[in-house]
Amino acid sequence: MTKKIRIAIQKSGRLQEQSVKLLKECGLSFSNGPNRLKASCYSFPAEILFLRDDDIPQYVEDGVADVGIVGENVYIEKQKEISVIEKLDFSKCRLSIAIPREKEYGGPQSLNGKKIATSYPNIVRQYLKEQNIEADIHEISGSVEIAPGIGLAEAIVDIVSTGSTLLSNGLKEVETVMKSEAILVSTKTLDPEIQLLLEKLIFRIKAVNTAKNNKYLLLNTPNESIEAITNILPGMKSPTVTPLQQAGWSSLHSVINENDFWEIIDQLKDLGAQGILVVPIEKMII
Ligand code: ATP
Ligand code: MG
């Protein structure tokens with residue numbers, strides 16, 4: 001019987017939807033009902049385990065799962081013997097220090113002697129050590145943002161993305177402790193057969209994620225501008241140029257990074273480009 005790679009993802013929460021989406025885009029189809037703990041893939045030798053995100057590093061270290069998708073924040077906090085395989089470019093957030101809005105902030109040193117509430121005691125301890133700050137860490141597992149309001153702590157370290165939760169609890173963000181995004185982690189030593197499956201999976205993840213950042217560009221250009229346009233396009237290789245019916249004009253196709261597009265759009269127009277189309281790419285193998 002062929003072995004299956006066991007992939008742990010969050011059962012429900014902020015990582016769940018995107019983790020499922022990524023795996024499905026990688027051609028792994030499985031059913032994920034709300035009460036499922038495990039699902040087999042139809043199209044790839046894999047089994048999906050649905051777990052609480054905090055438990056994923058431990059399960060991966062123990063080898064109960066071969067790989068897992070977790071936030072970098074959880075990976076660092078849990079300090080398990082596991083490897084980071086790939087950054088996944090979603091669930092981006094930061095772990096920040098916040099204090100009551102009406103308090104003045106005098107830099108990290110002003111936290112000396114204060115009580116800090118957090119669900120990330122290890123990360124906070126490390127940060128305080130690096131900054132030479134002596135503060136009291138008060139670990140709580142949820143609703144950290146209410147701690148200052150109920151007199152439990154003078155500051156908190158918690159996950160922030162837009163800052164609206166802080167705002168509605170009368171807090172302000174004063175320092176970033178770390179940035180985080182979803183990552184793929186794996187067991188340190190994998191069975192050789194599973195290792196091959198992991199390499200296949202990584203290849204697919206890269207193809208999906210590279211495609212997300214790139215766009216297919218099509219435009220019509222006067223022939224005399226082909227060279228100049230080719231020079232400003234940072235495409236994969238040289239663009240494809242096909243003559244149009246209309247004499248003196250060609251159609252030019254290339255792949256560009258989405259951010260680059262906005263940088264060069266004015267130059268393209270100045271060079272006479274017309275009918276510019278920017279189209280999403282589904283998969284991209286480079
Ligand atoms: P679980 O029940 O699985 O323990 P949880 O409540 O601990 O879930 P979530 O709030 O679902 O965790 O967050 C999971 C991960 O998603 C976090 O560890 C973090 O990496 C990321 N994350 C959390 N909040 C945000 C946010 N507002 N924006 C983007 N990413 C976030
Ligand atoms: Mg959790």
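The values are calculated or read from the model by the stated rules, or taken from the named source; none is laboratory data. Just so it is clear, the model here is predicted, and its values are computed rather than measured. Every residue, glycine among them, receives a Cβ derived from its backbone with ideal geometry; neighbour counts consider all protein chains shown.
Odds and ends about this structure:
- So N73, is it in contact (Cβ under 8 Å) with a residue 24 or more places away in the chain and polar (S, T, N, Q): yes
- Screening S19 with (1) within 16 Å of ligand 2 (Cβ to nearest atom); (2) of a type in the set (G, A, S); (3) in contact with an Asp or Glu (Cβ under 9 Å, 6 or more places away or on another chain) gives one miss only, at (3).
- The one condition in (1) in a loop (DSSP other than H, G, I, E, B); (2) under 16 Å from I205 (Cα atoms); (3) modelled with pLDDT of 95 or more that R14 fails to fulfil: (2)
- Residue in region 54-68 that is farthest from ligand 1 (Cβ to nearest atom), counting only those that are touching a Ser or Thr at 6+ places or on another chain (Cβ under 6 Å) and at negative phi: D66
- G71 more than 24 Å from D191 (Cα to Cα) and away from ligand 1 (no atom under 16 Å from the Cβ): no
- Any hit, region 95-105, residues being aromatic (F, W, Y), surrounded by fewer than 22 Cβ atoms within 10 Å (Cβ to Cβ) and within 16 Å of ligand 2 (Cβ to nearest atom): no
- Residue list for region 169-228, restricted to those being of a type in the set (K, R) and in a helix (DSSP H, G or I): K200, R204, K206, K212
- Screening V74, V84 for residues that are within 16 Å of ligand 2 (Cβ to nearest atom), at pLDDT 95 or above and of a type in the set (V, I, T) leaves exactly one candidate, V74.
- In this structure, L244 does satisfy being more than 30 Å from A8 (Cβ to Cβ) and surrounded by fewer than 16 Cβ atoms within 10 Å (Cβ to Cβ).
- Subset of region 247-270 (residues that are surrounded by 10 or more Cβ atoms within 10 Å (Cβ to Cβ), aliphatic (A, V, I, L, M) and out of contact with any Pro (no Cβ under 8 Å at 6 or more places or on another chain)): V255, I264, I265, L268
- The set of residues in region 62-88 that are surrounded by fewer than 17 Cβ atoms within 10 Å (Cβ to Cβ), farther than 22 Å from Y127 by Cα and among the acidic types (D, E) contains only D62.
- Only one of the listed residues (K114, K92, K129) is touching a residue at least 12 places away in the same chain (Cβ under 8 Å) and either touching a Pro at 6+ places or on another chain (Cβ under 6 Å) or away from ligand 1 (no atom under 15 Å from the Cβ) (or both). That residue is K114.
- The set of residues in region 22-31 being in a helix (DSSP H, G or I) and either buried (at least 16 other Cβ atoms within 10 Å of the Cβ) or in contact with a Lys or Arg (Cβ under 8 Å, 6 or more places away or on another chain) (or both) consists of L22, L23, E25.
- When we screen V241, V255, V278 for residues that are part of a strand (DSSP E or B) and more than 29 Å from I205 (Cα to Cα), the only hit is V241.
- Checklist (1) of a type in the set (A, V, I, L, M, F, W, C); (2) free of Cβ contacts under 8 Å to residues at least 40 places away in the same chain; (3) more than 30 Å from E25 (Cα to Cα) applied to L252, failing item: (3)
- Within region 33-47, one or more residues are in a strand (DSSP E or B), crowded, with 17+ Cβ neighbours inside 10 Å, aliphatic (A, V, I, L, M) and in contact with a helix residue (DSSP H, G or I) (Cβ under 8 Å, 6 or more places away or on another chain).
- Test: residue in region 223-240 that is in contact with a strand residue (DSSP E or B) (Cβ under 7 Å, 6 or more places away or on another chain) and in contact (Cβ under 8 Å) with a residue 60 or more places away in the chain: no
- Applying the criterion of being more than 14 Å from ligand 1 (Cβ to nearest atom) and closer than 20 Å to T187 by Cα to the residues of region 1-21, the residue that is surrounded by the fewest Cβ atoms within 10 Å (Cβ to Cβ) is T2.
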